[in-house]
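Trainee: Supplied in structure tokens, the structure appears directly below.
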Amino acid sequence: MIFQMFSYCNDPSILEGFNWLSCYLTTPKHMNFYFSFGTVLLLLAITAPTALLFGFGGAMAARAHNTALSWFGKAYIAVVRGVPDIAFFLFFVIALDQGIEWLMHHAVCSDWDEPIRRGNDFVVCPQAKVPLSSASQWAHKSYGFALAVVTFAIVFGAFAANILFGAMRAVPRAQIETAEAYGMTHRQAFWRVLVPQMWVFALPGLSNLWMVLIKATPLLFLLGIEDIVYWAREMGGAKTAKFTAYPHSDWRMWYFLTLLGFYLAFTRISEIALDQLMKRLAHGQATAAGEAQRRANT
Amino acid sequence: MKKLILGTAALALTASMGMTDTVRMGTEGAYPPYNFINDKGEVDGFERELGDELCKRAKLTCEWVTNEWDSIIPNLVSGNYDTIIAGMSITDERDEVIDFTQNYTQPDPSGYLALSGADVDLKGGIIAAQTGTIQAAFIASSGATLVEFSTPDDTIAAVRNGEADAVMADDAYLRPIADENDDVALLDQQELIGGGVGMGLRESDGDLKAKFDAAIASMKDDGTLNALLAKWEIGPGF
């Protein structure tokens, strides 16, 4: 019989009420559902700082003196922000995956004489497969997850770049001029004066972006990752007794209500944390919020 | 010289990996009895048993992967897995993009499921089907209004909540649902469409196709395929 947490779950057909529910909610399949919450949180935990890094790089590039670099930064911001997310998630990931395999192919299979593109097919030599087809399922899943992180980071990095670009320009010009008058170099003025002060201007935009990122996590399933929405849909759907020990009617509403609760709680906690952060950043700044704090304290 | 060493290393690798190469089997996992996710969270169903037996006969190591139906063909041709074994009927349209093995089910009649006692106009009503299936193509050309859904489960829900008058799908999928629920029933009308279900492979994968073809033929010959078809109650045998 199926492995279950409680011993009385061996014959679900005779169970009722609470016992039935406790067995139902602890099937190994449900464990996948609970585990997928962790996947989503892990994705957010890795993607948010990565996207911020991409954004910072993009903003720095866009305001660089070097024309080519500035052009590159601005093109990144404009192009990625302009492409619909769903198109990006459907095509870019396949392209990225194929690009990596194409590079691997040229690195390890230089003696391969058959073409890579054959009609509709994309075929690289077996050693250039990433990960190798003999690799464990775990390796395949991690690779898929890494592709998802990169894709999310590129998309959200472009928005973050635009926000940071604006925030850098919002820092009063007089601050930089003062720094330069004190003899700081360009670089010193950037890191010591501009960057510490720009966050307070960037945070409203960035907190918005964080909320959008949380809501965008269901796009994970487009990338072949089984996220919470996939499992909620799969397990909520009506089940016939022929194929499961726990038949039930269409319960998707309950599963999606659970997700609703999860997302609402998560965004609420985020809001509280971001408000706290904003208070701290505004402290001592020459902005309306910073001024209000100063007056309240005197 | 460097190239030569790399080449030799690659050759040695190919030789040693020839034995352990894994064939990744792509399926949907949402279309019982063909394929579904069981209580253990694993792929189960007719195609799971069939696929495992075929791999055994062809002496291949196989691994199961699930993928959404919508993108199941693009992900095959780009090499994310090596076969599609997902209740996919053999059609000319699909055959232009991928290759099929010989069919491992007879053309399964497609049935209609509607609310019990409902009088459905099959030529002018609203009929639900899963996107990109032979049933969707059939309804589109029949004169009825087609509403498409991305999963089989959604098509059933559409009938229950009144969005569609009936749902059209493989008889083997609809029958257990009709048997166990009083609120829905199968209509008498059936349609014979499609050329049976086969395994989909990349057009450039001739070797693998030959292996699976041989394995399917041997299962047809010794009757094990018929036993499997009967066990999962999928259409007539061979």
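Trainee: Return only the number of the condition from (1) modelled with pLDDT under 90; (2) in a helix (DSSP H, G or I) that A:G55 does not satisfy.
Mentor: Tallying (1) modelled with pLDDT under 90; (2) in a helix (DSSP H, G or I), A:G55 fails exactly one: (1).
Trainee: Could you list, in sequence order, all residues of the range B:104-113 that are surrounded by 20 or more Cβ atoms within 10 Å (Cβ to Cβ), in contact with an Asp or Glu (Cβ under 7 Å, 6 or more places away or on another chain) and assigned to a loop (DSSP other than H, G, I, E, B)?
Mentor: Correct list: B:D108 only.
Trainee: A further question follows. When you go through B:Q135, B:Q190 one by one, which is the residue that is more than 14 Å from chain A (Cβ to nearest Cβ), more than 23 Å from B:T101 (Cβ to Cβ) and within 21 Å of the chain's Cα centre (by Cα)? Don't jump to the end; show me each part of the working.
Mentor: Values: B:Q135 fails: more than 23 Å from B:T101 (Cβ to Cβ).
Going through B:Q135, B:Q190 in turn, just one is more than 14 Å from chain A (Cβ to nearest Cβ), more than 23 Å from B:T101 (Cβ to Cβ) and within 21 Å of the chain's Cα centre (by Cα): B:Q190.
Trainee: Right, next: Show the residue pairs that are 6+ apart or on different chains and have beta-carbon atoms under 6 Å apart, the first residue being within the range A:170-185 and closer than 11 Å to A:Q197 by Cβ, the second being modelled with pLDDT under 95.
Mentor: A:A170/A:F201; A:V171/A:L194; A:V171/A:Q197; A:V171/A:M198; A:Q175/A:V193; A:I176/A:A189; A:A179/A:A189; A:A179/A:V193
Trainee: Would you point out the residue of the range B:21-64, among those that are within 11 Å of chain A (Cβ to nearest Cβ) and among the polar types (S, T, N, Q), that is nearest to B:F149 (Cα to Cα)?
Mentor: Ranking the qualifying residues of the range B:21-64, first place goes to B:N35.
Trainee: I'd like to verify a number: residues in the range A:1-34 that are in contact (Cβ under 8 Å) with a residue 40 or more places away in the chain, among the charged types (D, E, K, R) and surrounded by fewer than 16 Cβ atoms within 10 Å (Cβ to Cβ), how many?
Mentor: 0
Trainee: Here is a further query. Give the number of residues within the range A:234-255 that are within 22 Å of A:P218 (Cβ to Cβ) and more than 7 Å from every other protein chain (Cβ to nearest Cβ).
Mentor: Narrowing the range A:234-255 to residues within 22 Å of A:P218 (Cβ to Cβ): A:234-238, A:250-255.
So of that shortlist, the ones also more than 7 Å from every other protein chain (Cβ to nearest Cβ) come out as A:235-236, A:251-255.
Matching residues across the range A:234-255 total 7.
Trainee: Would a scan of the range A:106-127 turn up a residue that is more than 16 Å from B:N75 (Cβ to Cβ) and either hydroxyl-bearing (S, T, Y) or not assigned by TED's automatic domain parsing to the domain that holds A:L209 (or both)?
Mentor: Yes - at least one qualifying residue is present in the range A:106-127.
Trainee: Determine the pairs where a residue that is within 30 Å of A:K279 (Cβ to Cβ), located within the range A:207-232, has a partner that is at pLDDT below 85 with Cβ atoms under 8 Å apart, the partner being 6 or more residues away or on another chain.
Mentor: Going by the 8 Å Cβ cut-off, the qualifying pairs are A:A216/A:D85.
Trainee: Still on this model: I'd like to check something: does the range A:35-49 contain any residue that is assigned to a loop (DSSP other than H, G, I, E, B), more than 14 Å from chain B (Cβ to nearest Cβ), free of Cβ contacts under 8 Å to residues at least 24 places away in the same chain and not aromatic (F, W, Y)?
Mentor: As a first pass, look at the range A:35-49 and keep what is assigned to a loop (DSSP other than H, G, I, E, B): none.
No; the residues of the range A:35-49 include none that is assigned to a loop (DSSP other than H, G, I, E, B), more than 14 Å from chain B (Cβ to nearest Cβ), free of Cβ contacts under 8 Å to residues at least 24 places away in the same chain and not aromatic (F, W, Y).
Trainee: Could you tell me which numbered condition B:D205 fails, if it satisfies all but one of (1) surrounded by 15 or more Cβ atoms within 10 Å (Cβ to Cβ); (2) away from chain A (no Cβ under 13 Å); (3) over 20 Å from B:A30 (Cα atoms)?
Mentor: Exception for B:D205: condition (2).
Trainee: Consider B:S110 against the criteria (1) within 24 Å of B:A166 (Cβ to Cβ); (2) without any contact (Cβ under 8 Å) to a residue 60 or more places away in the chain: it satisfies all of them except one. Which criterion is unmet?
Mentor: Evaluating B:S110 over (1) within 24 Å of B:A166 (Cβ to Cβ); (2) without any contact (Cβ under 8 Å) to a residue 60 or more places away in the chain leaves (2) as the failure.
Trainee: Which of the residues belonging to the range B:65-84 are outside any helix (DSSP H, G or I), under 25 Å from B:P107 (Cα atoms) and within 9 Å of chain A (Cβ to nearest Cβ)? Let's see the steps before the verdict.
Mentor: Quick first cut of the range B:65-84, residues outside any helix (DSSP H, G or I) only: B:65-68, B:78-84.
Checking the rest, the ones that are also under 25 Å from B:P107 (Cα atoms) come to B:66-68, B:82-84.
B:T66, B:N67, B:E68, B:D82, listed by residue number.
Trainee: Picking from B:T27, B:T83, B:T61, B:T101, which residue would you name as being modelled with pLDDT of 90 or more and either assigned by TED's automatic domain parsing to the domain that holds B:D179 or surrounded by fewer than 18 Cβ atoms within 10 Å (Cβ to Cβ) (or both)? Write out each step before concluding.
Mentor: On the way: B:T27 fails: either assigned by TED's automatic domain parsing to the domain that holds B:D179 or surrounded by fewer than 18 Cβ atoms within 10 Å (Cβ to Cβ) (or both); B:T83 fails: either assigned by TED's automatic domain parsing to the domain that holds B:D179 or surrounded by fewer than 18 Cβ atoms within 10 Å (Cβ to Cβ) (or both); B:T101 fails: either assigned by TED's automatic domain parsing to the domain that holds B:D179 or surrounded by fewer than 18 Cβ atoms within 10 Å (Cβ to Cβ) (or both).
Answer to the selection: B:T61.
Trainee: Something else: Conditions: (1) at pLDDT 85 or above; (2) facing another protein chain (nearest Cβ under 10 Å); (3) touching a helix residue (DSSP H, G or I) at 6+ places or on another chain (Cβ under 9 Å); (4) buried (at least 16 other Cβ atoms within 10 Å of the Cβ). A:A128 meets all but one. Number of the miss?
Mentor: Condition (1) is where A:A128 drops out.
Trainee: Consider B:A215 carefully, then state whether it is of a type in the set (G, A, S), in the same structural domain as B:A137 (by TED's automatic domain parsing), touching a residue at least 60 places away in the same chain (Cβ under 8 Å) and at negative phi.
Mentor: Working: of a type in the set (G, A, S): yes; in the same structural domain as B:A137 (by TED's automatic domain parsing): no; touching a residue at least 60 places away in the same chain (Cβ under 8 Å): yes; at negative phi: yes.
Answer is no for this residue.
Trainee: Of all residues in the range B:30-47 being outside any strand (DSSP E or B) and in contact (Cβ under 8 Å) with a residue 60 or more places away in the chain, which is surrounded by the most Cβ atoms within 10 Å (Cβ to Cβ)?
Mentor: Taking the range B:30-47 and keeping what is outside any strand (DSSP E or B), we get B:32-34, B:38-42, B:45-47.
Going one step further and asking which of them are in contact (Cβ under 8 Å) with a residue 60 or more places away in the chain, we end up with B:32-34, B:45-46.
Values: B:P32: 24, B:P33: 23, B:Y34: 27, B:G45: 22, B:F46: 25.
Selected residue: B:Y34.
Trainee: Name the single residue that is farthest from B:Y173 (Cα to Cα) among those in the range B:1-24 being at pLDDT 50 or above and in contact with a helix residue (DSSP H, G or I) (Cβ under 7 Å, 6 or more places away or on another chain).
Mentor: Ranking the candidates gives B:D21 first.
Trainee: Here's something else I'd like to know. Which numbered condition in (1) in contact (Cβ under 8 Å) with a residue 60 or more places away in the chain; (2) touching an Asp or Glu at 6+ places or on another chain (Cβ under 8 Å); (3) at the interface with another protein chain (Cβ under 9 Å from one of its Cβ atoms) is the only one that B:T101 fails?
Mentor: (3)
The values are calculated or read from the model by the stated rules, or taken from the named source; none is laboratory data. As the structure is a prediction and not an experimental result, all values here were calculated from the model. With ideal geometry, Cβ positions are generated from the backbone for all residues, glycine too; neighbour counts draw on all protein chains shown.
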